[in-house]
Amino acid sequence: MHIDDIFEKHPTTFSFEFFPPKTETGAQQLFETIRQIEALSPAFVDVTYGAGGATRDLTHDLVLRLHSESDVATIPHLTTVCQREDEIRDILETYARAGINNILALGGDPPRNKSGWDRSQDTFRYATNLVEYIKRFNAEGVHSDSRGFGIGVAAYPEGHPATPNRLKEMDYLKSKVDAGADYIVTQLFFDNGDFYDFRERCEFAGINIPILAGLMPITSLGGMIRMADLAGGTRYPAALLRAVDRCGDDDDAVKRVGIHWATQQCLQLLEHDVRGVHFYTLNHSDATRQIYETLALTHMT
Ligand code: FAD
C-alpha cells in the first residue's frame, strides 16, 4: 500500500522497525515476532539496510519474503553509502516488480569494517540525491502504481552529529523534503520536548509532511549503552538515568523502567496529536505489545 493510502487509512500510524537476522534461527524468531506484531494491525513495518556486504542481500530477501507472506505493508530502507547508481536501480526494479510501494531513503553510515570509506566512490552523497533519483525512477512509470514509490526520509530531533549547525541542518532537511519526500521518521529520542520543538521548527521552515516519532523502549542496560553509540548523540534525561540506576543488577527492573518510560512518551505524544509512532523493536515484540496493551492502542488502528 502506498504511504498516502496508509496515511488515509490510519489517522495515527503505528509502525515497527526490524533488522535482517544473519542466521536461519534468527529469521525464524523474527517471523514469530512479526506474527505477534501483525495481531496489532500496524500501519507498516520497516526493514533496515546494512551498510555493505551480505546483510544487504538479507534485507532484500527479508523484504520480499515479508511482502509475500504477510498482509502488513513492508517498507525497505535504502542508503547512498557504498552504493553505485546501477546497484540502486537494480534494487528499485526488483522492488517495483514485487509490488513494494514505499522506500525509506537514507544517507546511511559506512560499515565499521569500512571506516574511512571514500564517499567519492558512491554515486549519491546525501539522502536528498537518492530521493531525487527515486522520483526520476517513479517518473519512468516502471512501477505498476502510477505514483511510483512513496518516499520516507530520516530526521533528528536532537540534531545529526555530522551537522552541528542546526540552521543548516534544517535547510538540508527542507531540501530533502522539497526533492519529493512524502513523510519523515525521526531518530529515537527520550525527551518528548525535543520532538515537539523539532516539529515546530519544521513547521517554521515550511515542512508540512507527516512526521512520525521514533520510540525505542529500553529493555536492557547493555542495549541502552549500545544505542548511545549507534544512535549518535541520543540524550538520556536525568530522571531516566536515575530510574535505571536504581535497578542495579535487576535486568527485569531495567526492562520495566524502560517500557514504562516509553509508554509515558507514547501517551504524551498521542495527547500532542503525533501523526505516527515508529517503534524501534530490535526484533522483539514484547515491549511494544505491553505499550499497546497499557494504552489500549489496538482501539486506534
Ligand atoms: P542525509 O540526509 O544524507 O544527512 C547526512 C548528514 O549530512 C546530516 O548531518 C545532514 O545534515 C548532512 N547533509 C545533508 N545534506 C547536505 C548537504 N547538501 N550538504 C552538506 N551536508 C548535508 N542507517 C543505515 O545504514 N541503514 C538503515 O537502515 C538506517 N535506518 C535508519 C532509519 C531511521 C528512521 C533513522 C533516523 C536513521 C537510520 N539510519 C540507517 C542511520 C542514518 O542513515 C545515518 O544517521 C546517516 O548518517 C544519516 O542519514 P540521513 O538519511 O539523515 O542522511
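What follows is calculated from the coordinates using simple rules that are stated; it is not laboratory data. Source: prediction; values computed, not measured. All Cβ positions, even for glycine, are placed from backbone atoms using ideal geometry, and neighbour counts span all protein chains on display.
Pairs exceeding 32 Å between alpha-carbon atoms, taken from Lys114/Lys168; Lys22/Lys255; Lys9/Lys114; Lys22/Lys174; Lys9/Lys135; Lys176/Lys255: Lys9/Lys114; Lys22/Lys174; Lys176/Lys255. Note on the chain: GNM, Cα springs under 10 Å; of Pro11, Pro217, Pro20, the largest mean-square fluctuation is that of Pro11. Gain on full extension, evaluated as 0.36 nm per residue between Arg125 and Glu8 minus their Cα-Cα distance, stands at 38.9 nm. Residues whose amide H comes within less than 5 Å of that of Phe18, counting only those at least five positions distant or on another chain, are Asp46, Val47, Thr48 (H built at 1.01 Å from N in the peptide plane). Could you tell me how far the Cα centroid of region 247-301 sits from the Cα centroid of region 1-49, in Å? When both Cα centres are located, 16 Å separates them.
The slack between Lys114 and Asp86, meaning 0.36 nm per residue of separation minus the straight C-alpha distance, is 8.0 nm. Projecting the Cα atoms of Val47, Gly233, Leu66 onto the charge dipole of region 3-296 (Cβ charges, centred on the Cα centre) puts Gly233 farthest toward the positive pole. Note on region 5-155: percent of Cα-Cα distances in each 5 Å bin, starting at 0 and stopping at the bin with the largest distance, equals 2, 9, 18, 22, 20, 15, 9, 4, 1. Put simply, the convex hull of the Cα atoms in the chain casts, on average, a shadow of 15.2 nm². In the chain, the longest principal axis of the Cα atoms and the axis of helix 192-205 are about 30 degrees apart. All other residues whose Cβ lies under 13 angstrom from that of Ile3 are scored, Lys and Arg at +1 and Asp and Glu at -1, for a net of -3.
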